[in-house]
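Structure first, commentary second.
The values are calculated or read from the model by the stated rules, or taken from the named source; none is laboratory data. All values derive from a computational prediction rather than experimental measurement. Because the Cβ atoms are built from the backbone with ideal geometry, glycine has one as well, and the counts that use them run over all protein chains shown. The accessibility values were calculated without ligands, DNA or RNA, using every heavy atom of the protein model including side chains. Shrake-Rupley method; radii C 1.70, N 1.55, O 1.52, S 1.80 Å.
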Amino acid sequence: MLFVLPALLYVGIFHLVPVVYGLVLSFTDYDPLSRTSPDVVGFDNYVAIFSDAAFRDSLLVTGRYVLMVLPVTVALALGLALLVNRPFPGVGLVRSALYVPHIVALTAVSMVWLWMYSSNGLINEVLGWFQLPAQSWLYDEDTALPAVAAMRVWKALGSNMVLLLAGLQSIPKELYEAARVDGARRWQLFRHITLPGLRPILVYVVAMDIIFLAQGFAEIFVLTGGGPLGSTTTTNYLIYTEAFQYNRMGSASAMAFVLFAFIAGASLLAVRGMLGRRQS
Amino acid sequence: MTNTLSPPTGREAPPAATRPRRRRRRGGLDGHDRLTRAVLLLGTCLLVMVPFAWMISLAFTPPEQAFGSVALVPEDPTLENFSTALLDADLLRALANSAIVAAVVVLGNCVIAILAGYAFAMLPFRGSTAVFFSLVATTAIPVSVTLIPLFLMTRGVPLAGGNDILGQGGSGLLDTLAGLTLPHLVMPMNIFLARQYFSGSSRDLAEAARIDGAGEWRIFSRIYLPLAKPLVAVIAIFSFTGVWDDFLWPLVITSSPESQTVQLALARFLVDGNVQYGPLMAGVVLVTLPVIAVFLFNQRGFISGLTDGSVKG
C-alpha cells in the first residue's frame, strides 16, 4: 500500500482533481486576469457555446478531420501489416522505416510538412513536373483540412501498422492450415480468419485513433493556425484560443467537457458497432 | 515484456511454404507475388521517408537557396543554418531546458510508476484492482479537460513565484522548469506497463525472501528491480519522448525564452510571417535527433511501449 501511495496521490492531484476543478470552472465566468472571485453562472456557458456558430463549426471540423484520417489510416495500416507479416530480407528495416514518423514530435513533423505545402514546396514542384498548376494548399478553404489530414495519415500509419501486426501475429497459425485443408481461398481466409482474429486489436486501434485525432492541436497550430476562415479550427484549437488568448476560461472549460462527451460517445459507439457485429 | 514485438527477431510468421496469402501454392506465381510485395513496400517506405529526406536537405541548404526548388542533395552544403538555430533562436537553451525537464520526468516515472505497478501486481490490497483501473482510466481524459485547471493550479502553488501561503498574488510555478515537469511526473500509462510487466514475473523469489525475513522494500529493490531492466528502459523511453515531444503544456505555461522547451523554440521560427525554412529545419533535425537516436538504440523498447498496452490489456 505504501508503494502505491505516491502514485495515488500524484494521479489524484494532477489527473482527478483537475477534472472536478474543470467541471466547476465550466459553471463560472472565470477570468484569470481579474483577481476578483468568479461568479457562478449555472448553465450559461453551455447555452452560450451551443448557440455559438464558431463552436458548432469546430465540432464539425473535428468530426470531419477524424473521418478523413481514420478510415484511410486503418485501411493502409492493415494492408502494410499484412505485407510485413512475413519474413523476408530487410523486413525489420521496413517496419522501422514505416514507424519513424510516429516517434517524431507532431510539432516538428508539421514544420516539415509546412514547407512541403508551401508555394515553392515539394508538393507543388511535383505537380509542376506533370504540368499541373500549383495549389495554395494551406491557404485554401477547400484544401486546408484535407492537407492537414494527409499529414496525419502519414504520421499515424506506423503506430497503427505495428499494433495490427501484433494482432496478426497473435492469430493461431493452425486456423489457417485447417481452413486451407478445407479448400478455403485467399479472400475467404482473410474474411473468416484474419478479420475476426484481428477484431479486438482493431477495436483498440480505432478507439485510440478517435481519442487522439479528435484532440488535434499541434498540427493545426503549426500548419494553419485554424484558418483559412476557421476551416481547420478544431475544437481543441478553439478551446486553446478561448482560454489563453481571450481569457474566457469558464466557457473554454465548458467546451472541453462537451468535447470530452463527444469523444467518449464516438469511441464507445465505434467499439459497440465493431463488437456488435460479432453477434450477428 | 513477454509480448514484446521486435522487428528483426520477434515471433515471425511461419515459413513461406505454408503461408496463407499465396495465390497458388504450387503454381509459378510465387516470384511474381513476392515482387509485387517488394515493390509495394519499397515504394511506401520511400514515400514515407520523403519528408525526412527534404528536412535534412533543407537543413544543409544555404538560406538564400531555400526559396527556389530544393535539391535532395544540396549543391553547396552549409552548417550556417545550424548555428543560426542554435545561437540566434536560442535553441541551445531550449535543448538544455528540455533535457533537464526530461531527466526529472524520467526519474519520477521510473521511481513512482514502477513502485506502484510492482505493488499492484505483487502486493494486492483490498480494492487494488478497482484503484488500478481508475488510475489507468485517466489516460482517456482529453488533455483540454485538465489543461485549464492544471494551468491555474500551477499558478496557484503556495509560496512559489511570489505567491503567499494561499497561492495568491504571484505567478506560482508558471514559466519555470518545475512547472513544466508537474503534469508529467507520473504518467498513468507507465503504471499500467509496470503492472503488466510484474504480473508476468514469478512470485516464488518473493516468498522465499519473505521466509528469510526480508522486508518488502528489500525484496523489491534487491530482487525484482534488478530483474526489470527492460521495463525501466521502456518506461524511460516512453516518458522521455512524451515530455520531449510535448507542445501544448509548454506553450500554455511558459512566456519567456529562458524557460522554453525545444518544440516551443521551433514554433518561434513561425511567428514572423516569412518562415526561414533553412534554420527551422536545422532546428527540427537537432530536436529530432535525440529521439531517433533512442529509437535506433532500443527499437524493441520503443515498440513494446505501444503494443504491450494493447495486446495484453
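Can you work out the Karplus-derived ³J(HN,Hα) for every residue in the range B:253-259? Use 6.51 cos²θ - 1.76 cosθ + 1.60 with θ = phi - 60°, whole Hz, and x for glycine or proline.
Computed from phi, the couplings for the range B:253-259 are 9, 9, 10, 10, x, 4, 10 Hz.
Determine the relative contact order of the range A:72-204: mean sequence separation of Cα pairs under 8 Å and six or more apart, normalised by residue count, in whole percent.
Result for the range A:72-204 is 33 percent.
Give the separation of the Cα centroids, the range A:32-54 to the range A:67-94, in Å.
What the calculation gives is 46 Å, centre to centre.
Evaluate peptide B:36-43: per residue, the Cβ atoms of other protein chains within 10 Å of its Cβ; return the mean as an integer.
The mean count of partner-chain Cβ atoms within 10 Å per residue comes to 3.
Enumerate the whole-percent occupancy of each 10 Å bin, from 0 to the last occupied one, for all C-alpha pair distances of the range B:81-307.
8, 26, 30, 23, 11, 3, 0, 0
With every protein chain kept in the model, how would you rank B:Leu123, A:Leu76, B:Leu266 by accessible area, 1.4 Å probe, largest at the top?
A:Leu76, B:Leu123, B:Leu266
Quick one: pull the percent of accessible area on chain B belonging to carbon and sulfur, 1.4 Å probe, ligands and nucleic acids left out.
Heavy-atom surface of chain B belonging to carbon and sulfur, 1.4 Å probe: 65 percent.
Using a probe radius of 1.4 Å on heavy atoms only, what accessible surface per residue do you get for the protein assembly as shown? Whole Å² is fine.
Here the residues of the protein assembly as shown average 44 Å² of exposed surface.
Please give the calculated 222 nm ellipticity per residue for chain A, where each DSSP H segment of at least 4 residues contributes -39500 (n - 2.57) and the sum is spread over every residue; nearest 500 deg cm²/dmol?
Roughly -21500 deg cm²/dmol at 222 nm, from the helical runs in chain A.
Project the alpha carbons of the range A:144-280 onto their principal axes and report the range along each, largest first, in whole Å.
67, 29, 21
Output the relative contact order of chain B, whole-number percent, from Cα pairs under 8 angstrom with separation of 6+ residues.
31
Can you pull the mean other chain C-beta count within 10 Å for peptide A:17-24?
Mean partner-chain Cβ count within 10 Å for A:17-24: 5.
Normalized C-alpha radius of gyration of the range A:1-142, against 2.2 N^0.38 Å?
So the range A:1-142 has a normalised radius of gyration of 1.65.
Counting pairwise Cα distances across the range A:42-275, what percent come out greater than 31 angstrom?
Of all Cα-Cα pairs in the range A:42-275, 35 percent lie more than 31 Å apart.
In Å, what is the Rg of the alpha-carbon atoms in the range B:201-290, and how long is Dmax?
Final numbers for Rg and Dmax: 22.3, 71 Å.
What fraction of the Cα pairs in the protein assembly as shown, stated in percent, has a spacing above 41 angstrom?
In whole percent, the long-distance tail amounts to 28.
Peptide B:254-261: average number of partner chain Cβ atoms within 10 Å per residue?
The shielding value for this peptide is 0.
Using Stokes-Einstein with the Kirkwood hydrodynamic radius over Cα pairs, what translational diffusion coefficient do you get for the range B:240-297 at 37 °C and a viscosity of 0.692 mPa s, in µm²/s rounded to a whole number?
Stokes-Einstein gives a translational diffusion coefficient of 266 µm²/s.
So what J values fall out for the range B:70-83 if you push phi through Karplus, 6.51 cos²θ - 1.76 cosθ + 1.60 with θ = phi - 60°, rounded to Hz, Gly and Pro as x?
9, 6, 5, 10, x, 5, 10, x, 9, 9, 3, 4, 5, 5
Relative to the Cα centre, what is the charge dipole magnitude of the range A:57-162, using +1 at the beta carbon of each Lys and Arg, -1 at the beta carbon of each Asp and Glu, and rounding to the nearest 20 debye?
540
Based on DSSP H runs of at least 4 residues, each adding -39500 (n - 2.57), what is the mean residue ellipticity at 222 nm of chain B after dividing by all its residues, to the nearest 500 deg cm²/dmol?
It comes out at -16500 deg cm²/dmol, rounded to the nearest 500.
What angle do you read, to the nearest 10 degrees and between 0 and 90, between the alpha-carbon axis of helix A:53-84 and the longest principal axis of chain A?
Between the helix axis and the principal axis of chain A, the angle is about 20 degrees.
Is the range B:167-229 rounded, prolate or oblate when judged by the Cα gyration tensor, a ≥ b ≥ c being the square roots of its eigenvalues, rounded requiring a/c under 1.5 and prolate requiring a/b larger than b/c?
Because a/c hits 1.5 or more and a/b exceeds b/c, the range B:167-229 counts as prolate.
Rounded, prolate or oblate: which fits the range A:230-280 when a ≥ b ≥ c are the square roots of the eigenvalues of the alpha-carbon gyration tensor, with rounded for a/c under 1.5 and prolate only if a/b beats b/c?
Prolate is the answer for the range A:230-280, as a/c is 1.5 or above and a/b outweighs b/c.
Computed FRET efficiency, Cβ-Cβ of A:Val47 and B:Val50, R0 51 Å: what is it to the nearest 0.05?
Efficiency, from the Cβ-Cβ distance: 0.60.
Please list A:129-142, B:188-201 highest first by mean number of surrounding beta-carbon atoms within 10 Å per residue.
Packing order, densest peptide first, comes out as B:188-201, A:129-142.
Just want the answer: with Cβ charges of +1 for Lys and Arg and -1 for Asp and Glu, which residue in B:Leu42, B:Asn81, A:Ala256 is farthest toward the dipole's positive end in the protein assembly as shown?
Value: B:Leu42.
If contacts are Cα pairs under 8 angstrom and at least 6 residues apart, what is the relative contact order of chain A in percent?
29
In the range A:96-156, how does Rg compare with the Kirkwood Rh, expressed as the Rg/Rh ratio over alpha carbon atoms?
1.01
Check which residues have an amide H placed less than 5 Å from A:Thr28's amide H, if you skip close sequence neighbours.
HN-HN under 5 Å from A:Thr28: A:Val41.
Within the range B:86-164, which trypsin sites (Lys or Arg not before Pro) sit in a loop by DSSP and count at most 11 neighbouring Cβ atoms inside 10 Å?
Within the range B:86-164, the qualifying trypsin sites (Lys or Arg not before Pro) (loop, at most 11 other Cβ atoms within 10 Å) are B:Arg126.
May I ask for the distance between the Cα centers of the range B:231-293 and the range A:181-260, given as a whole number of Å?
The distance from the Cα centre of the range B:231-293 to that of the range A:181-260 comes to 22 Å.
May I ask you to derive the FRET efficiency for A:Ala261 and A:Arg199 from their Cβ-Cβ distance with R0 = 30 Å, giving the value to the nearest 0.05?
0.70
With θ set to phi - 60° and the Karplus curve 6.51 cos²θ - 1.76 cosθ + 1.60, what are the ³J(HN,Hα) couplings of the range A:86-99 in order, to the nearest whole Hz, using x for Gly and Pro?
Couplings: 9, x, 7, x, x, 5, x, 4, 4, 4, 5, 4, 5, 8 Hz.
Tell me whether the range B:80-204 comes out rounded, prolate or oblate; compute the Cα gyration tensor, take square roots of the eigenvalues as a ≥ b ≥ c, and use a/c under 1.5 as the rounded threshold.
oblate
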